[in-house]
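The values are calculated or read from the model by the stated rules, or taken from the named source; none is laboratory data. The structure presented is a predicted model; accordingly, all values stated were derived computationally and were not measured. Neighbour counts are summed over all protein chains in view; Cβ atoms, including those assigned to glycine, are modelled from backbone coordinates with ideal geometry. Side chains are part of the model used for accessible areas, which takes the heavy atoms of the whole protein and leaves out ligands, DNA and RNA. Shrake-Rupley method; radii C 1.70, N 1.55, O 1.52, S 1.80 Å.
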Amino acid sequence: HAKSKGKNNIQVYETTLHHAVVYARQVLRELEIALSEDQLEFHFQPIVALNTREIVGFEALIRWKHPTRGLIYPDEFIEIAEQNDLVRAIDSQLLKRVAKTLSNWQALTNTPLYISVNISAKRFIDSQLVNEIEQVFKQHRLVPGSLLIEVTEHALIKNIGKARLLFHQLRSIGVKISLDDFGTGYSSLSYLNQLPFDIIKIDRSFVTSINKRKLNHPIINTIVVLAKTLDIELVAEGIESKLQLEILQQMDCQYGQGYYLAKPMSEHEAEKLVTNRSLKSE
Ligand code: C2E
Ligand code: MG
Ligand code: MG
Ligand code: MG
């Protein structure tokens with residue numbers, strides 16, 4: 001009995017694995033087309049100063065406008081792309097595009113404004129990418145501090161010497177680096193200790209845990225104090241309610257991002273907010 005059940009499980013596993021492999025191959029094939037036919041684009045989500053509701057920047061989030069499947073979100077394809085060399089071509093195309101967008105937006109406003117771009121740590125420590133970042137930064141004469149790179153993964157800590165060098169190179173041309181999804185990795189504190197991050201983004205899971213029933217939030221509170229002590233800017237991710245916003249404000253968290261403030265939007269929609277930087281408060 002147990003034996004046949006085990007056999008079954010293996011079969012299910014193999015079928016699932018087979019599907020995953022077939023899906024990945026299909027995605028890669030179609031991504032190549034997506035790249036040459038301009039189906040990849042960014043949506044932009046405002047990052048807001050919590051006490052004034054003023055937009056200080058936007059996070060660029062990749063979207064795939066698939067001709068038959070509609071809008072596809074990064075969770076469905078970015079990991080697959082990252083396991084293939086195609087990711088280099090994707091990164092370069094998007095980086096060029098975002099630099100152009102940023103320089104267009106900078107021409108529309110005198111107030112400082114940044115765009116932050118997500119880069120997987122595996123790609124980040126590939127020095128070719130950093131050279132490309134330097135190149136577009138200079139080519140578009142971006143204002144220092146206006147381009148931000150968000151990184152998450154553990155690959156940084158495994159290559160700490162290299163990561164330090166890249167941080168130094170990027171900072172010297174005015175690119176800032178933020179630690180994304182802070183608190184979810186098992187060694188978040190260790191990253192902070194070893195690399196000079198400009199910004200910390202508190203992971204959405206901590207913000208989600210703020211609800212009516214629990215009015216004490218020692219972990220977030222500690223992160224706020226930590227960021228202040230280290231003189232690092234702090235952004236809370238995934239603010240979905242008024243209560244969460246108010247509690248984060250009370251705790252003196254500087255910046256935030258989330259559906260309650262504004263959802264990711266098309267470049268065209270975002271551009272309208274560049275000149276009118278304040279989000280309406282209720
Ligand atoms: P992330 O960098 O942590 O981005 C935040 C994610 O949370 C985005 O999902 C955003 O749409 C979503 N979000 C923002 N506010 C809220 C909220 O209030 N509630 C909820 N439930 N979600 C919220 P998205 O766009 O699906 O991106 C998912 C992840 O994919 C990103 O997480 C990032 O790690 C990755 N990603 C996105 N764009 C790129 C890219 O261009 N390159 C790379 N390598 N990764 C990317
Ligand atoms: Mg991010
Ligand atoms: Mg994040
Ligand atoms: Mg994330």
Filtering strands (runs of 3 or more DSSP E) wholly in the stretch 14-122 for at least 3 residues that are touching a strand residue (DSSP E or B) at 6+ places or on another chain (Cβ under 6 Å) and hydrophobic (A, V, I, L, M, F, W, C) gives 40-49, 54-66
Quick check on the stretch 121-133. Is at least one of its residues touching a residue at least 12 places away in the same chain (Cβ under 8 Å), within 20 Å of Gln257 (Cα to Cα) and within 16 Å of ligand 3 (Cβ to nearest atom)? no
Scanning the stretch 248-266 residue by residue, those touching a residue at least 24 places away in the same chain (Cβ under 8 Å) and open to solvent by 20 Å² or more (accessible area, probe 1.4 Å) turn out to be Gln249, Met251, Asp252, Gln254, Tyr255, Leu261, Lys263, Pro264, Met265, Ser266
The one condition Leu148 fails out of (1) modelled with pLDDT under 95; (2) within 16 Å of ligand 4 (Cβ to nearest atom) is (1)
When Leu113 is run through (1) away from ligand 1 (no atom under 16 Å from the Cβ); (2) in contact (Cβ under 8 Å) with a residue 24 or more places away in the chain; (3) open to solvent by 30 Å² or more (accessible area, probe 1.4 Å), the failure sits at (3)
Among residues of the stretch 215-238 being of a type in the set (Gly, Ala, Ser) and out of contact with any Ser or Thr (no Cβ under 7 Å at 6 or more places or on another chain), the residue farthest from ligand 4 (Cβ to nearest atom) is Ala227
Scanning the stretch 218-275 residue by residue, those among the aliphatic types (A, V, I, L, M), in a helix (DSSP H, G or I) and within 29 Å of Asn110 (Cβ to Cβ) turn out to be Ala227, Leu245, Leu248, Ala270, Leu273, Val274
Among (1) among the aromatic types (Phe, Trp, Tyr); (2) more than 12 Å from ligand 1 (Cβ to nearest atom); (3) open to solvent by less than 30 Å² (accessible area, probe 1.4 Å), Phe206 falls short only on (3)
